[in-house]
Amino acid sequence: MRSHKMQFCVHAAALVIVAHFAFAMNACAAYPERPIRIVVPVSPGGGNDIVARLLAQRLTDKFGTQVVVDNRPGASTAIGSEIVAHANPDGYTIMFHSATFAINAAMHPKLAFDPIKDFAPISLIARVPQLLVVNPGVPAKTLAEFIALAKARPGQLNFGSSGVGSSPHLAMEVFMDLTGTSFNHVPYKGTAPAIADVIAGQLQVVFDAIPPALAYVRAGRVRPLVVSSAKRFPLLPDVPTFTEAGVTGYDFASWFGILAPARTSSVVIATLNREVMAIMQTAEMRERLTDLGLEPLGTTPQDYGRFLQAEITRWRSFMQRHDIRSL
C-alpha cells in the first residue's frame, strides 16, 4: 500500500514538473508578447544611443511589437546597469552598453551589482576603432615620427580624454605602455572639448572614435596618424593601422554589446541572439554601422560571455599595474 502511495507521489511530482516546464516553454514560445525595453546607460545622442536605436527599430520590425530605448545615464553607466541587474529576468528589460561597462567594473570593485553573475550575455554588436589625431602644428607626419618626438620630449606633450578610465584615456595608456612614451593627461567632461583644445593647440594629441573626429580630419583641422582597427577603415583609406605604421601588438577598441538580467530563460536569450544576429548580417545594417565608424560584429552568448570576462580581467590588471584610479 505504501509502495503504491509512493509511486503515486512520484508520478504526481513528475506531472507537476512537466506541467511547469511546458508552461515555461509555452511562455517562451510566445515571446515577446509586449514591448521590450532596452536600457541605454548613457545620455541620448551619443554613439551608444544611436546604435541602440537602430537595433531597436529593426527588432520592432522583426518581432511586430515595440522595442523602446530607455536612457538611464549616470555614475559612468552604473545606474542603468544596476536597473537591468535587478530587473525581472523575463526578457522584457535588456541593456545595450559599451566597453565602459567592463572598464567601470574593473575600476570600481564595489558596485551594487556583479558584472558577471548578475547578467546573461546576448551578443557583442560592434567594435569602435579609435583614431589618433594631432594638432597640424605638431612636427610629425607619421606615427614613427610622433613616437620619436615624444621620446625626445618626455612628459612635455599633452593628451586629452573624456575622463579617467574613459576609452580615449585607456587608448593612450595602452599606447604609452607599448611604445615607452610619456604624455601628460588632461581629462575633460567629454571628448568634444578635448579635440577642440587639440585644434586650438592647447593639447597635442587625442584618441577619439572615428565619427566625431571625421569632420575635423576632412577639414584639415587635425591630422590623423593611425587607426586602431585591424584593417584600414573604409572611411579613412589613407590612414594606416598600427601594424602598418610599424607598431605591432597594439590592442584597443571600444565596443558595444547586449546583456539581459541573470536567470533570463535560455530560450529567450536564444531568441534575442538569433534575431540580433540576423539583423547584424544584413548588408543594410552593416553599411549603416560602417558609415558610423563601427566594425559590425555579432557573436554567440557564450563567446560574448567569455569576451566580457576577459575584458574585465584585462582592465583590472592593467589599472592596478599602472595605478589608474577614478577621481
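Here, each number is a calculation from the coordinates, and none is a lab measurement. This is a predicted model, so every value here is computed, not measured. With ideal geometry, Cβ positions are generated from the backbone for all residues, glycine too; neighbour counts draw on all protein chains shown.
Take residue 202 and residue 184, extend 7 Å from each Cα along the Cα→Cβ direction, and tell me the distance between the two endpoints in nm.
In this crude spin-label approximation the distance works out to 1.3 nm.
Dipole of segment 80-190 (Lys/Arg Cβ +1, Asp/Glu Cβ -1, origin at the Cα centre): which of 101, 148, 171 lies farthest to the positive side?
The residue sitting farthest along the positive end of the dipole is 148.
Add +1 for every Lys or Arg and -1 for every Asp or Glu among the other residues with Cβ under 14 Å from the Cβ of residue 82, and state the total.
Once positives and negatives cancel, what remains is 0.
Calculate the dipole size of segment 190-327 relative to its Cα centre from +1 charges on Lys and Arg beta carbons and -1 charges on Asp and Glu beta carbons; express the result in debye to the nearest 20.
260 debye
With N set to the residue count of segment 130-227, report its C-alpha Rg divided by 2.2 N^0.38 Å to two decimal places.
0.94
Between residue 34 and residue 153, what length in nm is gained on full extension when 0.36 nm per residue of separation is reduced by their alpha carbon distance?
Net length gain for the segment: 36.8 nm.
So if R0 is 45 Å, what FRET efficiency would residue 177 and residue 270 give, r being the distance between their Cβ atoms, rounded to the nearest 0.05?
Once the sixth-power term is evaluated, E becomes 0.70.
On C-alpha positions alone, give me the angle between the axis of helix 143-152 and the longest principal axis of the chain, in degrees, nearest 10.
Between the helix axis and the principal axis of the chain, the angle is about 70 degrees.
If you place +1 on the Cβ of every Lys and Arg, -1 on the Cβ of every Asp and Glu, and leave all else neutral, what size is the dipole of the chain about its Cα centre, to the nearest 20 Debye?
For this selection, approximately 400 debye.
Helix 167-179 versus the longest principal axis of the chain: what angle, 0 to 90°, nearest 10, using Cα atoms?
Tilt relative to the chain: about 60 degrees.
Per 0.36 nm of contour for each residue apart, how much would the distance between residue 112 and residue 248 grow if the chain were fully extended, relative to their Cα-Cα spacing?
Between residue 112 and residue 248, full extension yields an extra 45.1 nm.
Grab the DSSP H runs of the chain that are 4 residues or longer, score each as -39,500 (n - 2.57), total them, divide by all residues and round the 222 nm result to the nearest 500 deg cm²/dmol.
Helix-only estimate at 222 nm: -14500 deg cm²/dmol.
Calculate the dipole size of segment 130-227 relative to its Cα centre from +1 charges on Lys and Arg beta carbons and -1 charges on Asp and Glu beta carbons; express the result in debye to the nearest 20.
260 debye
So how do 93-103, 250-260, 141-151, 218-228 stack up, highest first, on mean other-Cβ count within 10 Å?
The most tightly packed comes first, giving 93-103, 250-260, 218-228, 141-151.
What's the FRET efficiency of residue 290 with residue 43 using the Cβ-Cβ distance as r and R₀ = 35 Å, to the nearest 0.05?
0.90
Would you please give the FRET efficiency between residue 218 and residue 300, computed as 1/(1 + (r/R0)^6) with r the Cβ-Cβ distance and R0 = 35 Å, to the nearest 0.05?
0.40
Over 33 Å, how big is the tail of the calculated P(r) for the chain, in percent of all Cα pairs?
33 percent
Could you please rank 267, 67, placing first whichever residue has the fewest other Cβ atoms within 10 Å of its Cβ?
Ordered from fewest to most neighbouring Cβ atoms within 10 Å, 267, 67 come out as 267, 67.
Using alpha-carbon pairs under 8 Å, 6+ residues apart, how would you state the relative contact order of segment 130-227 in percent?
45 percent.
Segment 232-285: D in µm²/s via Stokes-Einstein (Kirkwood Rh, Cα pairs, 20 °C, 1.002 mPa s)?
Diffusion coefficient, whole number: 144 µm²/s.
Regarding segment 187-327, what's the average projected area of the Cα-atom convex hull, expressed in nm²?
11.2 nm²
Taking every DSSP beta bridge with both residues inside the chain, roughly what % is antiparallel (nearest 5)?
Of the beta bridges lying entirely in the chain, close to 60 percent run antiparallel.
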